Amino acid sequence: MREDYTYVVLADDDEDDRLFFVEAFEELKMQTKVAVYKDGVALMDALNQSDSVLPNILFLDLNMPKKSGLECLQEIKCNNRFKDIAIAIYSTSASEEDIEDTFVNGANIYIKKPDNFNILKKILSDVVTMNWQYHTNGLNKDNFLLRL
């Protein structure tokens, strides 16, 4: 297990969202390494490489072409190799159906994409410094939706 940095991955088809995400981490100056993928197929291809370094935290956009975030989530949860990855759904959707579907399928937290860069930095800082062991044990819906 890496102790010197947190490896963060984002899968999102929106180029601006990927750029803001990377920029936010650069400004936060946290001990992180960030990788981004433009769709679910590219993400799953990378994760399924036998020599791939698995992320500590995976941010998944729900609405992506080729393979949705929900499809990626289901595929990840079916593979024991990925059991230690904390999964944050990162979506523009705030629909109860999307929140419920991702909760039931094993995501660890649901984050509605903010429209303010400073709020994005606060959210990313909070998520990276979160005690994931506490957050993933006895998961309940009260602490699933991240509210600021």
Item to check | Cα-based Rg of the range 1-81 normalised by 2.2 N^0.38 Å, two decimals | outcome: 1.09
Checklist entry - For the residue pair Val53 and Glu97, what label-to-label distance in nm results when each label sits 7 Å from Cα along the Cα-to-beta-carbon direction? => result 4.0
Next on the checklist: Using the Karplus curve 6.51 cos²θ - 1.76 cosθ + 1.60 with θ = phi - 60°, what ³J(HN,Hα) values do you get for each residue of the range 38-55, in whole Hz, with x for Gly and Pro?
Outcome noted: 8, 6, x, 5, 4, 4, 5, 4, 5, 5, 7, 5, 4, 9, 6, 7, 7, x
Checklist entry - Taking the Cα-to-Cβ direction at Ile119 and at Asn80 and moving 7 Å from each Cα, how far apart do the two end points lie in nm? => result 4.2
Checklist entry - Rounded to the nearest 0.05, what FRET efficiency do Leu19 and Asn63 have when you use their Cβ-Cβ distance and R0 = 22 Å? => result 0.75
Checklist entry - Highest GNM mean-square fluctuation, the chain, Cα pairs closer than 10 Å: which of Ala35, Ala94, Ala86? => result Ala94
Next on the checklist: Explain nothing, just the number: relative contact order of the chain, from Cα pairs under 8 Å at least 6 residues apart, as a whole percent.
Outcome noted: 22
Item to check | Partner lysines for Lys66 [C-alpha distance under 20 Å; skip if fewer than 8 residues away on the same chain] | outcome: Lys38, Lys77
Item to check | Quarter of the Cα convex hull surface for the chain, i.e. its orientation-mean projected area (nm²) | outcome: 8.3
Checklist entry - Amide H to amide H, which residues 5 or more places from Ala35 or on other chains are under 5 Å from it, using H placed in the peptide plane? => result Val8, Val9, Leu10
Next on the checklist: Just want the answer: with Cβ charges of +1 for Lys and Arg and -1 for Asp and Glu, which residue in Gly106, Ile57, Tyr5 is farthest toward the dipole's positive end in the chain?
Outcome noted: Tyr5
Checklist entry - If the cut-off is a Cα-Cα distance under 21 Å, which lysines reach Lys83, setting aside same-chain residues fewer than 8 apart in sequence? => result Lys33, Lys67, Lys141
Next on the checklist: Going by amide H atoms built from the backbone, whose H comes under 5 Å of the H on Tyr90, apart from near neighbours?
Outcome noted: Leu60, Asp61, Leu62, Ile111
Checklist entry - Can you give the accessible area per residue of the range 5-67, in Å², using a 1.4 Å probe? => result 50
Next on the checklist: I want to verify a result. In a Gaussian network model of the chain, Cα cutoff 10 Å, which of these has the top mean-square fluctuation: Lys66, Lys77, Lys29?
Outcome noted: Lys29
Checklist outcome for this item: Per-residue ellipticity at 222 nm attributable to helices in the chain (runs of n ≥ 4 DSSP H, -39500 (n - 2.57) apiece, nearest 500 deg cm²/dmol) works out to -11500 deg cm²/dmol
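The values are calculated or read from the model by the stated rules, or taken from the named source; none is laboratory data. Everything numeric in this text was worked out from a predicted model, so none of it was measured. We place every Cβ from the backbone using ideal geometry, glycine too, and count neighbours over all the protein chains shown. Ligands, DNA and RNA are stripped out before the accessible areas are found, and what is left, the full protein with its side chains, is counted by its heavy atoms. Shrake-Rupley method; radii C 1.70, N 1.55, O 1.52, S 1.80 Å.
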